[in-house]
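Visitor: My questions will all concern the structure given below.
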Amino acid sequence: MTMFGPNLIVYEEEFERINAVLARLWMDANAKIVFLVDKNGQQIAAKGDLEKVDATSLASLTAGNVAATDGLARLIGEKEFSILFHEGERDNIHISIVGQRLILVVIFDERSSLGLVRLRVRKAAAELEEVLTQMASKAAEEGQAPASPFAEITDEDIDALFTE
Amino acid sequence: MSFINYASREINCKIVYYGPGLGGKTTNLQYIYERTNPQNKGQLISLATETDRTLFFDFLPLDLGSVRGFRTRFHLYTVPGQVFYDASRKLILKGVDGVIFVADSQEARMDANVESLDNLRTNLRENGFDLALVPYALQFNKRDLAGAVPYDVLLRALNVKGEPTFEAVAPKGVGVFETLKAVAKQVLHELSKK
Ligand SMILES: Nc1nc2c(ncn2[C@@H]2O[C@H](COP(=O)(O)OP(=O)(O)OP(=O)(O)O)[C@@H](O)[C@H]2O)c(=O)[nH]1
Ligand SMILES: [Mg+2]
């Protein structure tokens, strides 16, 4: 958690790398949807057939699912269950933890298989961890962070948000 | 823990509604959901029991428009207020950016209010937060009920740090947006310091 400080900040370069990893995973695993969420339920990136799902809800429920499962793991003395798999009649969901902080979700149907998904997820997870490490070292380097976009926020700015 | 994406120019923040069972947390979210334009909201997800008590959480994503060119999204969560769901409450506070405490104004719920507030303090601490520092607002809900405890009495019992405090009737929307706005404001100000 403290690896990046309190806020998760993604810049252009890492965002592009993350998107590239997801795009490759989506292709290689023959998946319908691939997405990356942080453990608090914020969607970071996604690839695939997104029109058919409510991605925001999916992200939040995935995080809730992982949080509950983490709680169960601790109860029985495990650190975490690093992979969750839900099998449906048509679609299946494969959920894995990346770098302790992110959740990688793959939704796939009979055009793929659990074995293939597992294999490709392992490779993608390793690449994503590299990106995470890069983000962490960037965050650690001082002077790297641009001024917060909210540095000069005024009460009027905030009031304007609620007037629609 | 907010999430700032400089590439897509988005910022996401998490706000949690806390408080005793049946205090009106879910009702706050329902009102916000009803009164928000379709393009500014996602689905309201409620993981609830057969009797409409929150079982794990309610979730409502709100898109509030842009600040300084960044799309600002708030993810609103409620916790289950019933005492025995403590493990779930703890999980939901993870990575929180701001908290709204919904107190029940009924005399008979005073002990439950105080107990829930204590529980909030403990669970925040276990997640690495300090109630004294976290963006925070207080809501006295159910002001419409006859025999509601006077404002001053509630204030003395429940206000912890001079936080903004609002009287509310959640099903009618009284005080609902005011409370949310008070916390959102603190959250965004907090971000400006980072
Ligand atoms: N009279 C009155 N009733 C209210 C008010 N706010 C909520 N209620 C009612 O109180 C009951 C409980 O409200 P909820 O919003 O479900 O309470 P909650 O805090 O989410 O409860 P848990 O999920 O168990 O933690 C519902 O029947 C609401 O309609 C209010 O301001 N006045
Ligand atoms: Mg509820």
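The values are calculated or read from the model by the stated rules, or taken from the named source; none is laboratory data. Since we're looking at a predicted model, the values are computed, not measured. Cβ sites come from the backbone with ideal geometry, for glycine too, and all protein chains shown count toward neighbours. Only protein heavy atoms, including side chains, enter the accessible area calculation; ligands, DNA and RNA are left aside. Shrake-Rupley method; radii C 1.70, N 1.55, O 1.52, S 1.80 Å.
Visitor: Can you tell me which residue is nearest to residue B:169 (Cα to Cα) among those in the range B:105-148 that are among the small types (Gly, Ala, Ser) and in contact with a strand residue (DSSP E or B) (Cβ under 6 Å, 6 or more places away or on another chain)?
Guide: B:105
Visitor: Among the residues of the range B:68-92, what is the count of those that are within 28 Å of residue A:68 (Cα to Cα) and at the interface with chain A (Cβ under 10 Å from one of its Cβ atoms)?
Guide: The qualifying residues number 10.
Visitor: Could you grab me the full set of residues in the range A:75-98 that are outside any strand (DSSP E or B), loosely packed, with under 13 Cβ neighbours inside 10 Å and not acidic (Asp, Glu)?
Guide: A:75, A:76, A:77, A:79, A:88, A:90
Visitor: Being over 15 Å from residue A:132 (Cβ atoms) and surrounded by fewer than 16 Cβ atoms within 10 Å (Cβ to Cβ) is the filter; apply it to the range A:7-29 and report the residue that is farthest from the other protein chains (Cβ to nearest Cβ).
Guide: A:27
Visitor: Could I ask something else about it? Among strands (runs of 3 or more DSSP E) lying entirely in the range B:1-104, which contain 2 or more residues that are buried (at least 24 other Cβ atoms within 10 Å of the Cβ) and within 16 Å of ligand 2 (Cβ to nearest atom)? Working first, answer last.
Guide: Details: elements: B:3-5, B:10-18, B:45-48, B:54-67, B:70-78, B:98-104.
The strands (runs of 3 or more DSSP E) meeting that bar are B:10-18, B:54-67, B:70-78, B:98-104.
Visitor: Looking at A:160, A:67, can you tell me which residue is part of a helix (DSSP H, G or I), at the interface with chain B (Cβ under 10 Å from one of its Cβ atoms) and either open to solvent by 50 Å² or more (accessible area, probe 1.4 Å) or of a type in the set (Ser, Thr, Tyr) (or both)? Step through it out loud before you land on a result.
Guide: Details: A:67 fails: either open to solvent by 50 Å² or more (accessible area, probe 1.4 Å) or of a type in the set (Ser, Thr, Tyr) (or both).
Only one candidate passes the filter, namely A:160.
Visitor: Take the residues in the range B:38-67 that are among the aliphatic types (A, V, I, L, M) and within 16 Å of ligand 1 (Cβ to nearest atom); name whichever of them is farthest from the other protein chains (Cβ to nearest Cβ). Full working, then the answer.
Guide: At the first step, the residues of the range B:38-67 found to be among the aliphatic types (A, V, I, L, M) are B:44-45, B:47-48, B:55, B:60, B:62, B:64, B:67.
If we keep only those that are within 16 Å of ligand 1 (Cβ to nearest atom) as well, we get B:44-45, B:47-48, B:55, B:60.
Details: B:44: 9, B:45: 5, B:47: 7, B:48: 13, B:55: 11, B:60: 9 Å.
In this case the residue turns out to be B:48.
For every residue, the table says whether it meets (1) open to solvent by 70 Å² or more (accessible area, probe 1.4 Å); (2) away from ligand 2 (no atom under 16 Å from the Cβ); (3) in a helix (DSSP H, G or I); (4) of a type outside the set (A, V, I, L, M, F, W, C).
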{"residue": "B:146", "(1), (2), (3), (4)": "yes, yes, no, no"}
{"residue": "B:152", "(1), (2), (3), (4)": "yes, yes, yes, yes"}
{"residue": "B:155", "(1), (2), (3), (4)": "no, yes, yes, no"}
{"residue": "B:160", "(1), (2), (3), (4)": "no, yes, no, no"}
{"residue": "B:177", "(1), (2), (3), (4)": "no, yes, yes, no"}
{"residue": "B:182", "(1), (2), (3), (4)": "no, yes, yes, no"}
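Visitor: Hey, can you tell me all the residues within the range B:105-127 that are open to solvent by less than 10 Å² (accessible area, probe 1.4 Å) and free of Cβ contacts under 8 Å to residues at least 40 places away in the same chain?
Guide: Hits for the range B:105-127 are B:123, B:124.
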